[in-house]
1. So, counting K/R as plus one and D/E as minus one, what does the shell of residues with Cβ under 13 Å around residue 127 add up to?
2. Once each part is reduced to its C-alpha centroid, what is the distance from the range 119-183 to the range 213-251 in angstrom?
3. Could you tell me which residue out of 225, 44, 255 lies farthest along the dipole of the chain toward its positive end? Charges go on the beta carbon: Lys and Arg +1, Asp and Glu -1, centred on the Cα centre.
4. Roughly speaking, to the nearest percent, how much of the chain's 1.4 Å accessible area is carbon and sulfur?
5. Between residue 129 and residues 5 or more places away or on another chain, which pairs have amide H atoms under 5 Å apart, with H built 1.01 Å from N, and which residues are they?
6. Considering only protein heavy atoms, what is the solvent-accessible area of residue 229 at a probe of 1.4 Å, reported in Å² to the nearest 10?
7. Name the long-range amide H neighbours of residue 183: under 5 Å, sequence gap of 5 or more, or other chain; modelled H, no Pro or chain starts.
8. Rounding to the nearest 20 debye, state how big the charge dipole of the range 6-200 is about its Cα centre with +1 on each Lys and Arg Cβ and -1 on each Asp and Glu Cβ.
Amino acid sequence: MAYSNIGFELQEGIGTITFSRPKALNALNRELLQEFDHALADIARNDQVSVLVLTGEGEKSFVAGADINELASLDPLKAKTFVLWGLTVINRISELPIPVIAAVNGFALGGGLEIAMACDFIYASENASFGQPEIKLGLIPGYGGTQRLPRLIGINQAKELLYTGNLISAAQAHQLGIVNRVTPPEELMPAVMKTAREMASKGRVAIRATKQAVNHGMSVDLATGLRIETDAFALCFTSKDAKEGTTAFLEKRAPVFTGTFTE
Ligand code: DAK
């Protein structure tokens, strides 16, 4: 599939998807979501991609939310179909077996913040801003904002952002725990790539097991979460990476992980 609303490149095992509708501040229209959906499905099947980075074209915006032109034309039935499909697309991010970093280079609003929150973590440039402004449109978030934001920053902080629709700066988002790291704009991608390379050098089976244990464990009680971790721990021993990692340590050399999800 040829893409015209996103870009994709793969270098040294690190895939980068760039949201690319700069005239609309990379707002999510149906076509962009279709392309994004397709790219995520491809990446899920591609053993060459060890880490995925999501970012926006230009210096102004990551994603300025759902395309308001399209939202304006919805009726209740279309709204439900559209939002369910969009949510499926965004859930693909958290379900990918590899780490996904959001490199937020500007506005991350509405669906943009929801995409970023579905990633494993967020790095942001100093000029980034964040918000769930749906309330100003007479709407509520449709792609997980009422659920992921309170889980990320706590119920009370989330309600204030959701009820006011106010935007917050990268520094405030960092303070609230939405963002892991804030950099000057020109240092954002180098910082993201450095972390991505560090993760790409690790065993992909162990990374996958970690992501599954954390994500599945967070939605259940602690005892169940600990059982999930136990099973994920045991799963690591089905891979040659566990042997390689422990042997390399004992032989005082760097490990070379080659395990795949399908071995
Ligand atoms: N959709 C469409 N076009 C957008 C857009 C958006 N979300 N955001 C910006 N643009 C367009 C502007 O219309 C403008 O286009 P032209 O006039 O040049 O043709 C261009 O991008 C540049 O924007 P501005 O001129 O406004 O630039 P400023 O720097 O002055 O302001 C801004 C930047 C990001 C503060 C402002 O553009 C803004 O407030 N944008 C809207 C942000 C927003 O409210 N986003 C939507 C969040 S709601 C659901 C499905 C999904 C959702 C909900 C329900 N169901 C199916 C039920 C999700 C909803 C959302 O994400």
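1. Numbers: positive: 60; negative: 59, 126, 186, 187.
Once positives and negatives cancel, what remains is -3.
2. Taking the Cα centre of each part, the range 119-183 and the range 213-251 sit 31 Å apart.
3. So the residue we want is 225.
4. Values: 7850 of 13840 Å².
Accessible surface attributable to carbon and sulfur in the chain totals 57 percent.
5. Here the answer is 106, 107, 108, since their amide H atoms fall under 5 Å of that of residue 129.
6. So the heavy atoms of residue 229 present about 110 Å² to solvent.
7. It is 124, 125, 126, by chain and number.
8. Numbers: 15 positive and 21 negative charges, 103 e Å.
The calculation lands at about 500 debye.
The values are calculated or read from the model by the stated rules, or taken from the named source; none is laboratory data. The model shown is predicted, which means the values in this text are computed figures rather than measured ones. Every residue, glycine among them, receives a Cβ derived from its backbone with ideal geometry; neighbour counts consider all protein chains shown. Keep in mind that these areas ignore ligands, DNA and RNA; they rest on the heavy atoms of the full protein, side chains included. Shrake-Rupley method; radii C 1.70, N 1.55, O 1.52, S 1.80 Å.
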